[in-house]
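What follows draws every value from the coordinates through simple rules; no lab data is involved. This structure is a prediction, so every number in the text was calculated from the model and none was measured.
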């Protein structure tokens, strides 16, 4: 930690850096507006880039004012945290790697350091080194802050996309008036099981469905938690006024359910989706006819 880093009185390195940032706010922002990070993000108006730069300088000065130059969680960073995170995310979307974005952030220090050294050209060498070190630490903290925020936003984006993919992979199909079905394909986990329940219940309400078919033919296996989610889905559908039919239970899944000791006695099951649809149609009073070369047979 730089000497006197917690001391912000005038003349100390931290106090000197704070006063320098506040006094040269406009010049620093003008320099930064020409740096790749700001220039590539604010492509419409350079004035917008300058204003963004001023906000960052103000944040750095505020952090220096309380002597927390090594703390990325310092309250002074709060006003610009989201803005800087969006800037870094925009550069990532532009094709830059995390290392390249970090490099652009590091590129913000030299223009400021050169201005500081110019301002301190007549000061004692030891004081100049201490001020330069304090500025380096402060800019390094800014860099850490931006990368943390960008990574956090990136994870949030991944989580949103994952949820969207689960919703797309969980379609609800209207098979007949009063009958909807959810054909499930792929691995079921707790999160996706929750999406299944929510989308199915929404469809029951929207379609005023009396029967909802959960077809798990394409599900390779289920664990106890997923099986419990399916049972809850059946119960929730009943509360919404729809009877839930589970179809396509493969032998391996049937054995798993038995070994888990789950009671499916109150759940209607059918071998396949066609059988489940036939059952639901029959319950609705719809006749099903099978036309063959020998004539028409009603089922």
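Between residue 189 and residue 126, residue separation times 0.36 nm minus the direct Cα-Cα distance comes to 16.6 nm. Here the stretch 13-161 is treated as a Stokes sphere of Kirkwood radius computed over C-alpha pairs; at 25 °C and 0.890 mPa s its diffusion coefficient rounds to 157 µm²/s. Adding -39500 (n - 2.57) for every DSSP H run of four residues or longer, then dividing by how many residues the chain holds, sets the calculated 222 nm ellipticity at -19500 deg cm²/dmol.
Each Cα pair under 8 Å and six or more residues apart adds its separation to the average, and for the stretch 13-161 the resulting relative contact order is 31 percent.
The angle between the Cα long axis of helix 273-283 and the main principal axis of the chain comes to about 60°, on a 0 to 90 degree scale. With an 8 Å cut-off on Cα pairs and a minimum separation of 6 or more residues, tell me the relative contact order of the stretch 173-289 in percent. Rounded, it is 26 percent for the stretch 173-289.
Centre-to-centre, using Cα atoms only, the stretch 169-188 and the stretch 62-78 are separated by 52 Å. Counting only alpha carbon atoms, the long axis of helix 224-239 and the longest principal axis of the chain meet at about 70°. Computed extension gain for residue 262 through residue 117, at 0.36 nm per residue and net of the alpha carbon distance, reaches 44.8 nm. Please compute the contact order of the chain in relative form: average sequence separation of alpha-carbon pairs under 8 Å and at least six residues apart, divided by the residue count, as a percent. Relative contact order here is 12 percent. Relative to the dominant Cα principal axis of the chain, helix 251-260 is inclined by about 80°.
Extension gain for the segment residue 71 to residue 109, taken as residue separation times 0.36 nm less the Cα-Cα distance, is 11.9 nm to one decimal.
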